[in-house]
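One structure is given below, encoded as structure tokens.
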Amino acid sequence: MIKKLACAVAAAMALVHGPAAVAADDFPNKPIRLVVGFVPGGGTDVSARILAQHLSGVLNQQVVVENKPGASGLIAGDMVAKAEPDGYTLLLANMQSTVAAPYVLPVSYDPIGAFTAVRYLGSVPNVLVINPTKNDLKSVKELVDTLKSKPGQYTYASSGMGSPQHLSAARFSQITGTKMEHVPYKGSGQAMQDLLGNQVDMNFDTLPGAIGQIRAGKLRPLAVTSPKRTDQLPDVPTLEEAGVPGMDVEQWYAVLAPANLPAAVLDKLDKAIGQSLADKGVASKLAEQGMVLGGGPATPKDFQAFVQKEYEKYGRITADLGLKKAQ
């Protein structure tokens, strides 16, 4: 009788606690999807692939990058937000898709409440680039003078509404008193193709998405948006040095999971990603792309608070720029 009672109690406890506990103990026992909300080739995609390759070895399970482009990353966000909170579907998020795009595009989920903040990766500056075969400009001053002489006749590409490229260009126009036309794409990769093909005039691209073409001499960098010059482009001035102060748009990357991720799974993922970021090879590859690792929240709890503050910040920025949500 006692034995039967003990078994019954154990069974009841398993129903309440068992599945999550077993899942956490056994995690991961199958491949993990790392979803990217943009087309291949852009900064988010490049960063995801660098991380996924090493993370596969740390977790002893394949981490597969899956591109779900569209709506400035919100299609991927919707997919991950509605996935099972088991750690097998993750989002390589960025500032754009997490805290900016929801202010300018319709969103079907709670941008903050729908996710568990897993790990902040780092930040990257934007770099103002032109194709010198189309516009042989040598400085930001030359660009501003040209834009003022031909208002509305020049175009800039972006990876979508609410992207750092979009907000950087909008802030640039606001500060300099110029007018440009916005041409949004489904990701930095497509935007880059059209910039190289002379279909658009410029881009405030993220450094990871542009650095290869800059090094190849196909694009000319005029300035970076960061407060300090970047090690990858030491001779390129900041926008403030070039006479355009007040740029407060910064792209950052992070890993998110669906809300209500079990604490034990969150802990495993956080530690595994941290181990990958600490690897010299991974850190070097990300640094080569222009990412500044760390410098942000160090724990999932701090990261969750950071996301909330960033969401409020970009609410103020989009309102100040007069950007309205598309219908």
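Among S97, S56, L167, which residue has its Cα positioned farthest towards the positive end of the charge dipole of the chain, with +1 placed on the Cβ of Lys and Arg, -1 on the Cβ of Asp and Glu, and the dipole taken about the Cα centre?
After comparing all options, I get S56.
Residues of region 202-223 with the amide nitrogen closer than 17 Å to a label point 7 Å from the Cα of Q153, along Cα-to-Cβ, please.
202
Any idea what the dipole of region 42-193 comes to, in debye rounded to 20, about its Cα centre with Lys/Arg Cβ at +1 and Asp/Glu Cβ at -1? Display every interim value, and only then the final one.
Working: 12 positive and 10 negative charges, 106 e Å.
Here region 42-193 has a charge dipole of around 500 debye.
Could you derive backbone 3J(HN,Hα) for region 311-327 from the dihedral phi with the Karplus parameters 6.51, -1.76 and 1.60 (θ = phi - 60°), listing whole Hz in sequence and x where the residue is Gly or Pro?
With coefficients 6.51, -1.76 and 1.60, one gets 4, 5, 4, 6, x, 5, 5, 5, 5, 5, 7, x, 7, 10, 6, 5, 9 Hz.
What dipole magnitude, in Debye to the nearest 20, does the chain give about its Cα centre under +1 on Lys/Arg Cβ and -1 on Asp/Glu Cβ? All intermediate terms of the calculation are to be shown ahead of the outcome.
On the way: 31 positive and 29 negative charges, 47 e Å.
That gives a dipole near 220 debye.
Rank these for me by crowding, I211, I175, going from fewest to most other beta carbons within 10 Å. Spell out each step's value before the answer.
Working: I211 24, I175 15.
Ascending number of Cβ neighbours within 10 Å: I175, I211.
Could you list D279, D110, D201 so that the one with the fewest beta carbons within 10 Å of its beta carbon is first and the one with the most is last?
Details: D279 14, D110 11, D201 22.
Placing the least packed residue first, the sequence is D110, D279, D201.
For every other residue with a beta carbon closer than 13 angstrom to the beta carbon of V46, add +1 if it is Lys or Arg and -1 if Asp or Glu, then tell me the sum. Display every interim value, and only then the final one.
Working: positive: R49, K285; negative: D45, D205, E288.
Surrounding charge for V46 is -1.
On full extension of the chain, what length is gained from R49 through A216, given 0.36 nm per residue of separation minus the C-alpha to C-alpha distance? Provide the component values of the computation, followed by the final result.
Details: separation 167, 0.36 × 167 = 60.12 nm, distance 2.17 nm.
Gain in length upon complete extension: 58.0 nm.
Return the calculated 222 nm mean residue ellipticity for the chain, to the nearest 500 deg cm²/dmol, obtained by summing -39500 (n - 2.57) across DSSP H runs with n ≥ 4 and dividing by the residue count. Could the numbers behind the result be given before it?
On the way: 10 runs with 137 residues, N = 327.
After summing the helix terms and dividing by the residues of the chain, the value is -13500 deg cm²/dmol.
Around R119, which amide H atoms from residues at least 5 apart in sequence, or from another chain, sit under 5 Å from its own amide H, with H modelled in the peptide plane?
Sorted by chain and number, the residues that satisfy this are V255.
Using 7 Å Cα-to-Cβ label points, what is the D248/D267 separation (nm, one decimal)?
3.9 nm
Taking the Cα atoms only, what angle lies between the long axis of helix 263-278 and the longest principal axis of the chain, rounded to 10 degrees?
The helix 263-278 is inclined about 40 degrees to the chain.
Please give the length that would be gained between V58 and Q199 if that part of the chain were fully extended, namely 0.36 nm times their separation in residues minus their C-alpha to C-alpha distance (nm, one decimal). Mind showing how you got there, number by number?
On the way: separation 141, 0.36 × 141 = 50.76 nm, distance 4.24 nm.
Length gained, V58 through Q199: 46.5 nm.
Listing E310, E181, E288 from the residue with the fewest other Cβ atoms within 10 Å to the one with the most, what is the order?
In order of increasing Cβ crowding within 10 Å: E181, E288, E310.
How much net charge surrounds G177 when only other residues with a Cβ under 14 Å from its Cβ are counted (Lys, Arg +1; Asp, Glu -1)? Intermediate results must be reported in sequence, preceding the final value.
Numbers: positive: K141, K148, K150, R171, K179; negative: D145.
Here the charged neighbours net out to +4.
Just so you know, all these numbers are worked out from the coordinates, no wet-lab data involved. From a predicted model like this one, the values you see are computed outputs, not experimental measurements. When we count neighbours, we look across all protein chains shown, and the Cβ atoms used for this are built from the backbone with ideal geometry, even at glycine.
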